[in-house]
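For reference, the structure is listed below as structure tokens.
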Amino acid sequence: TTPPDSIDFNFLNNSDRIGNSIKFGADYSINEHLIVNGEINYDQHLHDGVNTQTLKLPQPGIKIINDGDFDDNYDVEGYFDINQTFDNPDREFNFSLSYDYQKDNELESLSLVSDTTTLFQNINGINIDLSYKYPVSENSKIEMGYDGRLNDNTEKMNFEITETADVLLGNNTFGYKRSIHGFFFEYDYKLNDKFSIKPSMRYEY
């Protein structure tokens, strides 16, 4: 059949959102040159909504879509940092690690029929940064370090469609995994008060 030239409908969306969040962080100065920082955040969230669509054209009708979260969706984020300074301000060591895990499960269904879509998501992310600065002489210094970006995400979707001649069942599984490791080295040489050169090298795997 030829699709209609236009579709006219009104919709009303009502939703409730409930969330709880706990956050804790602390800084600790071991001495005047060494500082340790840590932080963790836990967030739990649930969403429940109803979307009512009133179709006027091309054919009057009502479609009610129920969507919401289930299975205690939550998000955990953590951060840890170590900063070591020295009497020489050009010398410094820094290490930081951050972590993020998200669990998000959603369900959407059509009233009056058994059409449903269920989505399961798990998201993992880790960031690592390490650097060390060291003065070679009064006019030159070096910096070396590592940075890592690690991801491991999964998503699974199950669906059922009954508004066709035959019932259609299906599932889609998606995985995304990536690890980037970077190593760098930089040499800074001060020519005078206005100019300096910074040859550097970086390797990524």
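The values are calculated or read from the model by the stated rules, or taken from the named source; none is laboratory data. Note that the structure is a prediction, hence the values are computed from the model and not measured. Cβ coordinates were reconstructed from backbone atoms using ideal geometry, including for glycine residues, and neighbour counts include every protein chain displayed. Accessible surface is based on the protein model in full, side chains and every heavy atom, while ligands, DNA and RNA are left aside. Shrake-Rupley method; radii C 1.70, N 1.55, O 1.52, S 1.80 Å.
Look at the range 151-172 and say how many of its residues are under 19 Å from the mean Cα position of the chain (by Cα) and either under 10 Å from Asp115 (Cβ atoms) or of a type in the set (Val, Ile, Thr) (or both). Total satisfying the criteria: 1. When Tyr146 is tested against (1) open to solvent by 50 Å² or more (accessible area, probe 1.4 Å); (2) among the aromatic types (Phe, Trp, Tyr); (3) in contact with a strand residue (DSSP E or B) (Cβ under 8 Å, 6 or more places away or on another chain), only condition (1) is not met. Counting only strands (runs of 3 or more DSSP E) that fall entirely inside the range 1-112 and contain at least 2 residues that are of a type in the set (Gly, Ala, Ser) and either loosely packed, with under 13 Cβ neighbours inside 10 Å or in contact (Cβ under 8 Å) with a residue 12 or more places away in the chain (or both), the qualifying elements are 8-29, 34-57, 61-69, 92-110.
The residues on offer are Gly68, Gly19, Gly61, and the sole one that is of a type in the set (Gly, Ala, Ser) and in contact with a Gly (Cβ under 8 Å, 6 or more places away or on another chain) is Gly68. You will find that of Arg202, Arg178, the residue that is of a type outside the set (Val, Ile, Thr), closer than 25 Å to Phe93 by Cα and either within 36 Å of the chain's Cα centre (by Cα) or at pLDDT below 95 (or both) is Arg202 and no other. Only residues that are out of contact with any Gly (no Cβ under 8 Å at 6 or more places or on another chain) and either modelled with pLDDT of 95 or more or in a strand (DSSP E or B) (or both) were counted across the range 181-194, and they come to 6.
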